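Worksheet for the structure shown next.
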Amino acid sequence: MVAGFVSSGFGISKGLTRQVCAQKQRASVVGVRRAGLRMTATQGTQVGQVKKLDEPQNLLDKTNIFIFDCDGVIWRGDSVIEGVPETLDYLRALGKRLFFVTNNSTKSRAQYAKKFESLGLNAEPEEIFSSSFAAAAYLEQTKFKETGKKVYVIGEVGIEDELKLVDIPFIGGEADKGKAPNMKKGGFLEHDHDVGAVVVGFDRNINYYKIQFAQLCINENEGCEFIATNTDAVTHLTDAQEWAGNGSMVGAIKGCTGQEPTVVGKPSPLMIDYIVEKYDVSRDEVCMVGDRLDTDVLFGKNNGLASLLVLSGVTTEEKLMSPENKIQPDFYTETIAKFLDSKAELN
């Protein structure tokens with residue numbers, strides 16, 4: 001039952017508050033290098049300082065759990081990336097446990113499960129973690145409801161649905177779509193003094209009313225917390241081009257408040273800590289697979305996981321190999337369909 005994720009056995013671990021507070025105190029954590037994945041000549045071709053995944057069987061042998069980003073790895077917009085369905089089926093047939101972790105907050109976990117189904121992909125709701133879920137879980141774990149305050153949402157229905165599941169009151173979101181403040185002489189926007197947290201997620205209906213309301217809450221309501229589902233620079237709304245991501249919404253609120261947000265999506269440790277505790281696994285059994293260096297790969301490196309970058313999303317090989325890039329995955333490849341090479345070799 002979807003509603004049971006947070007409060008009935010699928011909740012984020014007790015250490016969440018401490019972990020996110022630690023995140024605020026340091027921009028990055030020096031991750032433990034995965035001992036079992038020391039790069040050898042048999043595992044991949046060296047290009048610059050990164051290994052290309054030439055022989056995926058070596059990675060498969062050392063990995064029991066794969067965590068996949070969705071946009072740019074599994075699909076682009078509403079189009080499945082070629083070879084993905086067969087790859088996921090192959091990994092499941094090998095007995096690998098799969099999780100899907102997305103920074104996109106526009107959908108709830110239940111809605112993402114429906115998207116997987118509509119694209120012909122097999123995924124159980126408990127395998128899916130969205131940043132909208134992470135925001136609601138963070139508020140529940142920090143006992144926000146006990147404050148008697150409410151949340152102001154910049155974002156879409158995914159955040160609203162997840163907040164409803166944990167019975168946290170909120171305003172804004174879809175209800176403020178199309179609103180405009182009175183900016184004529186003497187114009188004044190009355191904000192809600194009972195707002196104790198502002199959650200900023202991706203919002204295709206962002207407007208000046210929402211930005212002004214949010215900054216008033218953060219700047220004028222004592223103790224009001226600024227929470228971001230993620231700070232991704234760009235996203236895949238369609239398969240035709242990149243679109244401005246939630247980093248643009250978060251940046252607007254940072255700019256008018258001078259405050260840094262608590263980030264609950266990748267590369268925050270929240271979701272990997274849950275997976276490790278819930279399923280009693282060792283981090284050296286886990287590989288993070290994503291298309292972004294500053295979220296997916298950093299999520300893996302900061303949390304002691306192996307990391308595989310795919311070039312099917314926002315990161316190009318040129319960017320990966322650029323001298324300016326300081327974030328290095330353990331391996332990289334074109335798409336996750338590379339794992340099918342192992343199947344072909346076995347046959």
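Pick from 184, 177, 164, 149: which is charged (D, E, K, R) and touching a Gly at 6+ places or on another chain (Cβ under 6 Å)? Steps first, answer last, please.
Numbers: 184 fails: touching a Gly at 6+ places or on another chain (Cβ under 6 Å); 177 fails: touching a Gly at 6+ places or on another chain (Cβ under 6 Å); 164 fails: touching a Gly at 6+ places or on another chain (Cβ under 6 Å).
None of the others qualify; the one that does is 149.
Rundown of residues vs (1) at pLDDT 95 or above; (2) open to solvent by 30 Å² or more (accessible area, probe 1.4 Å); (3) closer than 18 Å to residue 170 by Cβ, yes/no style:
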residue	(1), (2), (3)
124	no, yes, no
134	no, no, yes
139	yes, no, yes
146	yes, yes, yes
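Only one of the numbered conditions (1) among the aliphatic types (A, V, I, L, M); (2) assigned to a helix (DSSP H, G or I); (3) in contact with a Leu (Cβ under 7 Å, 6 or more places away or on another chain) is violated by residue 98, and that is (2).
Residues that are hydrophobic (A, V, I, L, M, F, W, C) and part of a strand (DSSP E or B) were ranked within the range 126-183; the one that is nearest to residue 204 (Cα to Cα) is 154.
Could you list, in sequence order, the residues of the range 89-104 that are farther than 16 Å from residue 117 by Cβ and not hydroxyl-bearing (Ser, Thr, Tyr)? 91, 93, 94, 95, 96, 97, 99, 101, 103, 104, listed by residue number. Of the numbered criteria (1) in contact (Cβ under 8 Å) with a residue 24 or more places away in the chain; (2) part of a helix (DSSP H, G or I); (3) open to solvent by 40 Å² or more (accessible area, probe 1.4 Å); (4) of a type in the set (Asp, Glu), the one residue 296 fails is (3). Among the residues of the range 52-85, those that are open to solvent by less than 10 Å² (accessible area, probe 1.4 Å) and in a strand (DSSP E or B) comprise 65, 66, 67, 68, 75. Looking only at the range 186-209, filter to residues that are under 23 Å from the mean Cα position of the chain (by Cα) and among the charged types (D, E, K, R); which one of those is least open to solvent (accessible area, probe 1.4 Å)? Per the stated criteria, the residue is 203. Listed conditions (1) of a type in the set (A, V, I, L, M); (2) over 26 Å from residue 116 (Cβ atoms); (3) open to solvent by less than 20 Å² (accessible area, probe 1.4 Å) are all met by residue 171, apart from (3). Scanning the range 299-325 for residues that are in a helix (DSSP H, G or I) and among the aliphatic types (A, V, I, L, M) yields 320, 321. Residue pairs whose Cβ atoms lie under 8 Å apart, sitting 6 or more positions apart in sequence or on different chains, and linking a residue in the range 58-75 that is under 19 Å from residue 109 (Cβ atoms) to a partner that is open to solvent by 10 Å² or more (accessible area, probe 1.4 Å) and outside any loop (DSSP other than H, G, I, E, B), are 65/97; 65/279; 65/285; 66/97; 71/235; 74/80. Just one of the listed residues (249, 288, 271) is open to solvent by less than 40 Å² (accessible area, probe 1.4 Å), over 29 Å from residue 145 (Cα atoms) and not small (Gly, Ala, Ser), namely 288.
Among the numbered criteria (1) free of Cβ contacts under 8 Å to residues at least 60 places away in the same chain; (2) surrounded by fewer than 20 Cβ atoms within 10 Å (Cβ to Cβ); (3) not polar (S, T, N, Q), which one does residue 321 miss? If we test residue 321 against (1) free of Cβ contacts under 8 Å to residues at least 60 places away in the same chain; (2) surrounded by fewer than 20 Cβ atoms within 10 Å (Cβ to Cβ); (3) not polar (S, T, N, Q), just (1) comes out false. Close contacts from the range 77-90, counting a first residue that is more than 27 Å from residue 245 (Cα to Cα) and in contact (Cβ under 8 Å) with a residue 24 or more places away in the chain and a second that is aromatic (Phe, Trp, Tyr) and crowded, with 20+ Cβ neighbours inside 10 Å, with Cβ to Cβ under 8 Å and a gap of 6+ residues or different chains, come to 87/339; 90/339. Condition first: out of contact with any strand residue (DSSP E or B) (no Cβ under 7 Å at 6 or more places or on another chain), outside any loop (DSSP other than H, G, I, E, B) and of a type in the set (Phe, Trp, Tyr). Can you find one or more residues in the range 326-345 that meet it? Yes, there is a match, as at least one residue in the range 326-345 is out of contact with any strand residue (DSSP E or B) (no Cβ under 7 Å at 6 or more places or on another chain), outside any loop (DSSP other than H, G, I, E, B) and of a type in the set (Phe, Trp, Tyr).
The values are calculated or read from the model by the stated rules, or taken from the named source; none is laboratory data. These numbers were taken from a predicted model, which means no experiment stands behind them. Neighbour counts are summed over all protein chains in view; Cβ atoms, including those assigned to glycine, are modelled from backbone coordinates with ideal geometry. Only protein heavy atoms, including side chains, enter the accessible area calculation; ligands, DNA and RNA are left aside. Shrake-Rupley method; radii C 1.70, N 1.55, O 1.52, S 1.80 Å.
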